[in-house]
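Reading through the structure tokens given below for one structure.
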Amino acid sequence: LESQNKQLQGQINDVTQRWIDEKGKSHPIECVFTRGFVRQYNTALGYDNASVGTGHSDTTAAAGTGTRAASGQPETANAWLRDSGVSQRDVLANIIDNAKQCRSWRSQINSLLDEREGLQK
């Protein structure tokens, strides 16, 4: 799992920086994840303390590093639609790490089930 995870992490830049159209022309990828998107993403992953204004947890958020407004500056009503600073690269890196953990748990559960089945025979 560790080897596969490192390989996937190593390919992130290859698949998040440019895309090629049907004519073979290369284009930079322009993707914006709003603060609201990041808040939803982090909440779905169980980060219940995700900040409404930025979409980032007060501790370590799953995606992104934080783009809080400077202290003393109030957030606008539509701040959740602003760019979070989170990139496709950040989201993909997080998904790869989460998938590694899921595969590890699946392997552990299958081992436990196999052991239990063996004990019942």
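Observations on the structure shown:
- Counting every other Cβ atom within 10 Å of each residue's Cβ, 104, 111 order from fewest to most as 111, 104.
- Label-to-label distance, nm, for residues given as residue 98 and residue 45 (7 Å Cα→Cβ offset): 0.6 nm
- Proximal charge balance of residue 37 [Cβ under 13 Å; K/R count +1, D/E count -1]: +1
- Exposure proxy ranking for 8, 112, 119, based on other Cβ atoms within 10 angstrom of each Cβ and starting from the fewest, stands as 119, 112, 8.
No value in this document is a laboratory result; all are computed from the given coordinates. Quick caveat: nothing in here was measured; it's all calculated off a predicted structure. Note that we place each Cβ from the backbone using ideal geometry, even for glycine, and neighbour counts take in every protein chain shown.
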